[in-house]
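Please read the structure below before turning to the comments.
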């Protein structure tokens, strides 16, 4: 399996090269040359596998044995998910008939990003160790300077995935005052020598723009060998595809339905995903393209709704409040530009050139395939240029109609988010974090709009992805439930790991404005303190 850029100028990267580079040299994102199809007997063969066993099966479709031998991949997977608190890693909770919550918050930092970043951290260490062993005695030391931006959960998940990793330094930029107190504490109370937190005056989009600027700065990149942990890194998307398959099998098991039976074929699966940077739902799209039975992928946004508006108007357009994203109760989704949407755009552009279909060109090595792929790259590059210069680009009706074959979308306000938290606690005794509430409210709204007949009487199942533990967003949860008789946040919601966290010693460097050069200066100063030679 080889990897190419969404902007068409780079192709034939190995898995290791794509993961270690993070962002393509042409500014695009890495995608596989083709999407693999599932084995003929996958439903029967995989139906009873553990999360770890399933991960090995899915990941190996994209990672050649020459890149990571099977036994090594099994070891990486076992180490990555040994850190999770639940035996199912990503368990599925039935909240009401027909609606299930896929709990992705049982990792070290209580957020869905642990699923990918525990694996990515081990990948980085694995590849660096192999490269250094191949060097002659006294040869160059291969190391990585990881730079990432966070709207909340990526930062702590990346830090916990990379802390104390040999030959890795990690720098996480977060917007000052625009992440939750628990999220900030999780990042800044990690005092390992190789971990560096930068609090930037600005928004998440400012932080993300700085990171992209550093990756495109060839001299700086070559000097410090940058690595990416944001979802621009292909390995993050790949790792997240596993829990879509896992959710599918967990639901069928809970219903006592044989995955290979005709009864299983009758169930229609929708996944509702709280969506900011588009990485989590993109993993669902890859799962669908591989062959996972999926009826709809629901793009659930908050009031920063660039994605919802795309599906409604054919325009991908920045809209700001005073030049910034709107601050909401679901801050991890307060994003103006969703980086991973570029990957989907590549497939939409390519399918529009082809026939709007779901299947791959029969022979993945044909000249036709390359012609279609090259055209898609040129189209995406043009769209991205228009977005950069004009703040907007528009696509044809056929592009959006093709996307709507699998995607639906809903925008959820803060008021609806609070009401969702309150209603689900009152009616179902389940506490949602505000991001998950966005996904659940969107699912309910679209199910009502389409008059769906949900399980058990009907054949429709809604699976909502829970992206964070509710304790990470205490302000929103307590706002919603403060008048609930007998509700005690600390007793009923707060994990023991969070008690006293806000009072711990912290390590953070403040950056007075969103300026790439200021960030470069901080990084080089901190690397010297760490003892890194460059």
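Quick look at the numbers
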read-out: Flag if residue 124 is within 29 Å of residue 334 (Cβ to Cβ) and part of a helix (DSSP H, G or I); value: yes
read-out: Residue check for residue 387: within 30 Å of residue 12 (Cα to Cα), touching a strand residue (DSSP E or B) at 6+ places or on another chain (Cβ under 6 Å) and surrounded by 14 or more Cβ atoms within 10 Å (Cβ to Cβ); value: yes
read-out: Given (1) touching a strand residue (DSSP E or B) at 6+ places or on another chain (Cβ under 8 Å); (2) crowded, with 24+ Cβ neighbours inside 10 Å, index of the condition residue 163 fails; value: (2)
read-out: Some residue of the range 252-266 being touching a helix residue (DSSP H, G or I) at 6+ places or on another chain (Cβ under 7 Å), surrounded by 20 or more Cβ atoms within 10 Å (Cβ to Cβ) and under 30 Å from residue 477 (Cα atoms); value: no
read-out: Yes/no for residue 80 being crowded, with 16+ Cβ neighbours inside 10 Å and farther than 30 Å from residue 265 by Cα; value: yes
read-out: In the range 396-421, the residues that are part of a loop (DSSP other than H, G, I, E, B) and surrounded by fewer than 19 Cβ atoms within 10 Å (Cβ to Cβ); value: 396, 404, 405, 406, 413
read-out: Qualifying residues in the range 472-488 (those that are at pLDDT 95 or above and surrounded by fewer than 20 Cβ atoms within 10 Å (Cβ to Cβ)) - the one farthest from residue 411 (Cα to Cα); value: 478
read-out: Test for residue 494: is it within 30 Å of residue 217 (Cβ to Cβ) and free of Cβ contacts under 8 Å to residues at least 60 places away in the same chain; value: no
read-out: Number of the condition not met by residue 204 [criteria: (1) closer than 24 Å to residue 79 by Cα; (2) surrounded by 22 or more Cβ atoms within 10 Å (Cβ to Cβ)]; value: (1)
read-out: Residues satisfying the stated conditions in the range 2-15, i.e. buried (at least 16 other Cβ atoms within 10 Å of the Cβ) and either closer than 27 Å to residue 71 by Cβ or touching a strand residue (DSSP E or B) at 6+ places or on another chain (Cβ under 7 Å) (or both); value: 3, 4, 5, 6, 10, 11, 13, 15
read-out: Candidates 101, 179, 115, 211, filtered to the one that is over 17 Å from residue 523 (Cα atoms), part of a helix (DSSP H, G or I) and under 19 Å from the mean Cα position of the chain (by Cα); value: 115
read-out: Candidate set from the range 334-361 (those that are surrounded by fewer than 18 Cβ atoms within 10 Å (Cβ to Cβ) and within 14 Å of residue 399 (Cα to Cα)); member that is modelled with the lowest pLDDT; value: 358
read-out: Hey, residue 61 more than 14 Å from residue 238 (Cβ to Cβ), part of a loop (DSSP other than H, G, I, E, B) and modelled with pLDDT of 95 or more or not; value: no
read-out: Any hit, the range 62-72, residues being surrounded by 19 or more Cβ atoms within 10 Å (Cβ to Cβ) and in contact (Cβ under 8 Å) with a residue 60 or more places away in the chain; value: yes
read-out: The range 223-242, subset closer than 18 Å to residue 153 by Cα and assigned to a loop (DSSP other than H, G, I, E, B), residue modelled with the lowest pLDDT; value: 230
read-out: Candidate set: the range 21-41, residues that are within 21 Å of the chain's Cα centre (by Cα) and in a loop (DSSP other than H, G, I, E, B); chosen: the one farthest from residue 208 (Cα to Cα); value: 36
read-out: Check on residue 140, more than 22 Å from residue 222 (Cβ to Cβ), surrounded by fewer than 17 Cβ atoms within 10 Å (Cβ to Cβ) and without any contact (Cβ under 8 Å) to a residue 12 or more places away in the chain; value: no
read-out: Residue in the range 508-518 that is in a strand (DSSP E or B), surrounded by 15 or more Cβ atoms within 10 Å (Cβ to Cβ) and touching a strand residue (DSSP E or B) at 6+ places or on another chain (Cβ under 9 Å) present; value: yes
read-out: Elements of type strands (runs of 3 or more DSSP E) contained in the range 268-347, each with 2 or more residues being under 20 Å from the mean Cα position of the chain (by Cα); value: 268-274, 296-301
read-out: Count of residues meeting criterion [within 9 Å of residue 98 (Cα to Cα) and not in a strand (DSSP E or B)] in the range 442-456; value: 3
read-out: Lone qualifier among 55, 18 - being touching a residue at least 24 places away in the same chain (Cβ under 8 Å), under 28 Å from residue 294 (Cβ atoms), assigned to a helix (DSSP H, G or I) and touching a strand residue (DSSP E or B) at 6+ places or on another chain (Cβ under 9 Å); value: 18
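Yes/no per residue for (1) more than 28 Å from the chain's Cα centre (by Cα); (2) part of a helix (DSSP H, G or I); (3) farther than 30 Å from residue 95 by Cβ:
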site: 476; (1), (2), (3): no, yes, no
site: 486; (1), (2), (3): yes, no, no
site: 491; (1), (2), (3): yes, yes, no
site: 522; (1), (2), (3): no, yes, yes
site: 533; (1), (2), (3): yes, no, yes
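The values are calculated or read from the model by the stated rules, or taken from the named source; none is laboratory data. A quick note: this is a predicted structure, and the numbers were derived from the prediction, not measured. All Cβ positions, glycine included, derive from the backbone under ideal geometry; neighbour counts span all protein chains shown.
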